[in-house]
Structure formats: structure tokens, C-alpha cells
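Heads up, the thing below is written out as C-alpha cells.
The values are calculated or read from the model by the stated rules, or taken from the named source; none is laboratory data. These numbers were taken from a predicted model, which means no experiment stands behind them. All Cβ positions, even for glycine, are placed from backbone atoms using ideal geometry, and neighbour counts span all protein chains on display. Protein only, heavy atoms only, side chains kept; ligands, DNA and RNA dropped before computing areas. Shrake-Rupley method; radii C 1.70, N 1.55, O 1.52, S 1.80 Å.
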Amino acid sequence: MKKTVIDTTKETQFSDAWLFLALLLTFVGLWLNSAFLTAAAGLILILTLCCWLWDRYSYHGLSYQRSFSEDRAFQGETITLQMEVRNRKLLPLPWLNISDQFPTTLPLSDKTLTADSTTNIAWMRTFWSLAPFQKIRRTVEIDCVERGFFQYGPAKLHTGDGFGFFSSKATLPKQDRLIVYPRLYSVVDLNIPTRNPFGNSRATGQLFEDPLRTVGIREWQQRDSLRRIHWKATARHQELLSRIYEPSEEQQILIFLNVATLERHWHGHIPELQERTISVAGSLAALAIEERLSVGLIANGTLPGSDQALRLMPGRAPGQLTRILELLAAVTPFAAQPIEQLLMQEAPRVPWGSTLVLVTAIAHESLLATLMDLAAAGRTVVLFTLAKEPPIQLLPNIRIYHLPHLVEDLIAPTLVA
């Protein structure tokens with residue numbers, strides 16, 4: 001406990017007046033030869049010393065810890081948080097107040113948090129009384145009503161002697177993290193085909209190039225992008241040379257998520273619509289993993305504390321879906337750039353033949369024009385839109401899924417000027 005307690009501060013109801021009173025009683029008792037007054041003075045001194053020692057060693061052998069029934073959950077689930085306090089010493093703790101910092105957005109099923117409106121921080125306040133070598137456990141249920149990364153802690157402790165003469169406060173810096181994934185929809189909820197929702201992704205004999213694996217070089221051709229140029233070989237041979245990538249029959253699905261819910265992303269966002277869009281992206285990733293496809297995710301949202309686009313290239317590793325869901329859980333609600341710019345920026349880096357899946361709450365003209373340009377260049381494009389109305393114009397060679405049933409109950413937003 002000593003190693004984890006920081007910022008310990010002492011408080012006391014004791015003052016110099018108590019010492020003065022004890023000395024006065026001692027002097028008067030000796031002067032009057034009164035055993036009662038002398039005993040009273042000794043009792044005051046002994047009681048003061050005992051209370052001081054009691055407070056001094058109150059944190060020795062004391063531990064407080066949290067444990068979740070699950071440290072990862074899906075939006076809408078309820079998990080259990082267990083709080084355990086243990087007193088590993090002979091000295092009892094008649095009173096112990098613990099104020100544990102909890103996220104404000106995840107309510108408790110049977111408890112009320114104390115929220116500070118000035119700091120937007122909530123506290124779980126509990127009172128404990130522990131006998132020597134006693135362990136007490138209490139549980140609360142957390143309603144995972146919101147997606148995100150949530151920190152629990154630090155905890156502030158307040159205890160002292162049994163008479164209230166001395167007390168001290170300490171802070172436990174340890175924090176525990178709970179990750180809440182977005183809610184996932186089934187194929188029935190999305191109302192999409194159960195077979196090949198991304199198109200004919202397993203064409204027999206079709207080969208794709210893996211840009212992460214270079215197997216040779218060749219002369220540069222006009223259709224080659226600048227990223228394909230092998231600059232070291234070009235400098236060595238004094239002529240433009242391009243990389244030859246290893247061919248692969250593995251179909252790759254790259255999901256592009258547009259976190260913007262308004263055409264001008266700086267106008268703000270519609271939280272409920274945005275959450276449903278994120279849920280659709282996570283559901284499609286889970287579906288691709290279930291179909292044994294290589295899947296990745298790129299979004300124009302950012303991680304907390306970052307201004308870079310969220311990016312995870314396609315893969316089939318066992319933990320790929322977990323990584324995608326964790327990124328979706330952490331993504332911030334504000335778009336770093338328009339999704340059409342991100343599509344044109346990232347498309348040259350994507351292996352040729354990969355299926356580009358766009359999930360968006362809106363489908364404005366500039367975005368649709370970008371999708372048509374990608375399709376005209378030979379890219380396989382699939383559009384999932386939650387817009388109230390399907391795209392008016394025809395999009396040749398683009399598979400479109402319109403999901404209005406996911407937003408029918410949403411109230412029309414008020415645009416921010």
C-alpha cells in the first residue's frame with residue numbers, strides 16, 4: 001500500500017491547547033497532590049499518542065482494488081464492477097471514506113454518482129468499516145450505454161483514528177480501463193444479402209497485388225503511381241524502375257468510415273446517427289471476418305489526442321476484429337477531413353483489386369462523384385448509406401445498400417450556421 005499511495009495529507013483536531021491542558025492538569029495535580037488530576041493529564045497524553053499512532057499506521061496493510069466481470073463489453077450490455085477493501089493488520093479501521101472517480105456517461109444500475117458540474121467528473125462515494133484482517137467486497141452494475149474508452153480512478157481515501165482526533169487523506173493513482181465496443185447489427189438487422197454482400201469476392205483465378213511484399217523490379221510504365229517507383233533501384237540504374245508486388249488470391253475488404261453526419265463536417269454532428277454509422281462499420285467488419293475475408297478499416301475520425309486519420313490495413317489475424325472494434329470504440333466524433341479527400345488519398349495505397357466499402361450517413365454530390373471516379377478507374381466500390389433518401393443519380397458499377405430503417409426514428413437535426 002505504501003508504494004501506491006501518493007499525496008498523503010494529514011488533518012487533525014488536535015492543537016497545542018491539549019498539551020497545555022495536560023501540562024496544567026499535571027502541575028495542579030502535583031501541587032494539590034490530586035491523583036485524579038494527574039491521572040487525567042496522563043490519560044490525555046496517552047490518548048493523544050495512541051490516536052496519533054493509529055492515524056499514522058492506518059494505511060499500512062490497507063488495499064483497495066476494482067475488478068470488472070469483463071473489461072470489454074458491447075454497447076447495451078451490463079457488466080459488474082467489484083470493489084474490494086482489505087485490512088491486513090491488527091489495527092482496525094472504524095471509518096474509511098473512498099471517493100472513486102467514475103466516468104459520467106456510464107450510469108450505475110443501483111447507485112447514484114456524485115457529479116461535479118464544473119469539472120464534468122463523477123465520483124462514487126462509499127463508506128467502509130473494517131475489523132482487523134477483514135476483507136469486504138461490494139458490487140455495482142454498470143450500464144454500457146455509450147461507446148468508448150473509459151477510465152476508472154484514481155481513488156481518494158480518507159481515514160484516521162477511531163476518536164476523530166487525527167485523520168489523513170491519500171490518493172491511489174491506479175486506474176482501470178473499460179472498453180465499450182459499438183453495438184453490432186446482424187445481417188437481418190441490416191437487411192442485406194447473407195451471401196456475397198460485398199459482391200463476387202471470390203472470383204476463381206483472380207490475382208491481386210500485395211503492396212507490402214516486393215518481389216522484384218521492372219521498367220516504369222505510365223499507369224504506375226509514384227508510390228510504386230523503387231527509388232533506390234532507380235538511382236542505382238539511372239532509369240525509372242517500378243516495384244513488382246507479390247500476387248495474391250486473397251480478396252481484401254477495406255472499410256472506409258465517414259464519421260461526418262453533415263455535408264460540412266465543421267458544422268457539428270448528430271450523435272445518434274453517427275453511432276449507428278459506426279455500428280454498421282463494425283458489423284460489416286465482423287461479417288467479413290466471419291466470411292474469412294481479409295478486412296481493414298480507415299476512417300476520417302481520429303483517436304483521442306491525435307489529428308491523424310484512423311487506419312488499419314486489411315488482415316486475417318485472429319485479433320483483427322478486436323483491433324477494429326477497439327479503434328471504433330476510441331474514435332472521436334469529429335472528422336479530420338472530408339471523406340472524399342481521404343478516399344482519393346488512400347486509394348493509391350490500397351492493393352489493386354481490393355473492395356472499397358464506404359459506410360456513411362450522408363451521400364452528397366462531391367462524395368458520389370469521387371466514388372464514380374474510383375469505379376471508372378477500375379476500383380471495386382460498395383456503398384452503405386444511412387441517408388434518408390437513396391442517391392438520386394445512377395452510380396455505374398457501384399453496389400449500393402440504402403439503410404433508411406436504421407435512422408427512421410431520428411429527429412431531423414438543426415444545422416449550425
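Using +1 at the C-beta of Lys and Arg and -1 at the C-beta of Asp and Glu, which of LEU81, ALA329, GLN134 has the Cα lying farthest in the positive direction of the dipole of the chain?
GLN134
To the nearest 20 Debye, how big is the dipole of the stretch 293-386 about its Cα centre, given +1 on the beta carbon of each Lys and Arg and -1 on that of each Asp and Glu?
Roughly 340 debye, rounded to the nearest 20.
Considering only protein heavy atoms, what per residue accessible area in square angstrom results for the chain with a 1.4 angstrom probe?
54 Å²
Hey, of (i) 25.5; (ii) 19.0; (iii) 31.1, which did the structure itself give for mean projected area of the Cα convex hull in nm² when calculated?
Among (i) 25.5; (ii) 19.0; (iii) 31.1, the one calculated here is (iii).
Using a Gaussian network model on the chain with a 10 Å cutoff between Cα atoms, which of ILE392, ILE339, ILE255 fluctuates the most?
Evaluated over the chain, the most mobile residue of the options is ILE392.
At 7 Å along the Cα-to-beta-carbon direction for both ARG311 and LEU90, put a label point, then send me their distance in nm to one decimal.
Inter-label distance under the simple model: 6.5 nm.
Of all the accessible heavy-atom surface of the chain, with the other protein chains kept in place and a 1.4 Å probe, what percent is carbon and sulfur?
56 percent
Going from most exposed to least, what order do GLU70, GLU290 have by accessible area with a 1.4 Å probe?
Result of the area sort, largest leading: GLU290, GLU70.
Using modelled backbone amide H atoms (1.01 Å from N, in-plane), which distant-in-sequence or interchain residues come within less than 5 Å of SER242's amide H?
ARG218, GLU219, TRP220, HIS230
In nm, to one decimal, how far is the GLU219 label point from the GLU141 one, both placed 7 Å along Cα→Cβ?
Spacing of the two 7 Å Cα→Cβ label points: 7.3 nm.
Describe numerically, in nm with one decimal, the distance between label points set 7 Å from Cα along Cα→Cβ at HIS402 and at ASP116.
Here the modelled spin labels are 5.1 nm apart.
When a/c reaches 1.5 or more, the comparison of a/b and b/c decides; with that in mind, is the stretch 72-197 rounded, prolate or oblate per its Cα gyration tensor?
prolate
So what is the relative contact order for the stretch 230-378, in percent, with contacts set as C-alpha pairs under 8 Å and at least six apart?
After rounding, I find 31 percent.
Quick check: the angle from helix 271-290's long axis to the longest principal axis of the chain, C-alpha only, nearest 10 degrees?
The angle comes out at about 70 degrees.
Per residue of the chain, what 222 nm ellipticity follows from adding -39500 (n - 2.57) for every DSSP H run with n ≥ 4, rounded to the nearest 500?
So the calculated ellipticity at 222 nm is -7500 deg cm²/dmol.
Once phi is turned into θ = phi - 60°, what whole-Hz ³J(HN,Hα) does the Karplus curve with 6.51, -1.76 and 1.60 give for every residue of the stretch 336-344, x standing for Gly and Pro?
Result, rounded to whole Hz: 7, 6, x, 5, 5, 5, 5, 4, 5.
How many angstrom lie between the Cα centre of the stretch 258-293 and the Cα centre of the stretch 310-385?
10 Å
Give the shape of the stretch 287-417 as rounded, prolate or oblate, defined through the alpha-carbon gyration tensor: a ≥ b ≥ c are the square roots of its eigenvalues, a/c under 1.5 means rounded, and otherwise the shape is prolate if a/b is larger than b/c and oblate if not.
Rounded.
Please list the non-local residues whose amide H lies under 5 Å from the amide H of LEU310, H modeled 1.01 Å from N, same-chain partners needing a gap of 5 or more.
Hits under the 5 Å cutoff: ALA299, GLY301.
Quick one: if the Förster radius is 51 Å, what FRET efficiency do GLU290 and ILE46 give, using the C-beta to C-beta distance and rounding to 0.05?
0.10
Efficiency by 1/(1 + (r/R0)^6): what FRET value for PHE163 and THR78, r their Cβ-Cβ distance, R0 = 30 Å, to the nearest 0.05?
0.10
Count neighbours as other Cβ atoms within 10 Å of each site's Cβ, and list the trypsin sites (Lys or Arg not before Pro) in the stretch 286-392 that are DSSP loop with at most 14 such neighbours.
Passing both the DSSP loop test and the Cβ count: ARG292, ARG316, LYS388.
Work through the residues other than GLU239 whose Cβ is under 12 Å from its Cβ and net out their charges, Lys, Arg +1 and Asp, Glu -1.
In short, +1.
Please state the relative contact order of the stretch 78-173 as a whole percent: Cα pairs under 8 Å, 6+ residues apart?
So the answer I get is 38 percent.
Convert each backbone phi in the stretch 147-153 into a coupling constant with the Karplus relation 6.51 cos²θ - 1.76 cosθ + 1.60 (shift: θ = phi - 60°), then list the ³J(HN,Hα) values in order as whole Hz, x for Gly and Pro.
6, x, 9, 10, 9, 10, x
Taking θ = phi - 60°, what integer Hz values does the Karplus form 6.51 cos²θ - 1.76 cosθ + 1.60 yield along the stretch 308-317, in sequence order, with x for Gly and Pro?
Result, rounded to whole Hz: 9, 5, 6, 9, 9, 6, x, x, 10, 4.
Subtracting the Cα-Cα distance from 0.36 nm times the residue separation, let me have the gained length for LEU394 to ALA235 in nm, one decimal.
Here the segment from LEU394 to ALA235 would lengthen by 52.6 nm.
With a cut-off of 8 Å between alpha carbons and a minimum separation of six or more residues, what is the relative contact order of the chain in percent?
Across the chain, relative contact order equals 13 percent.
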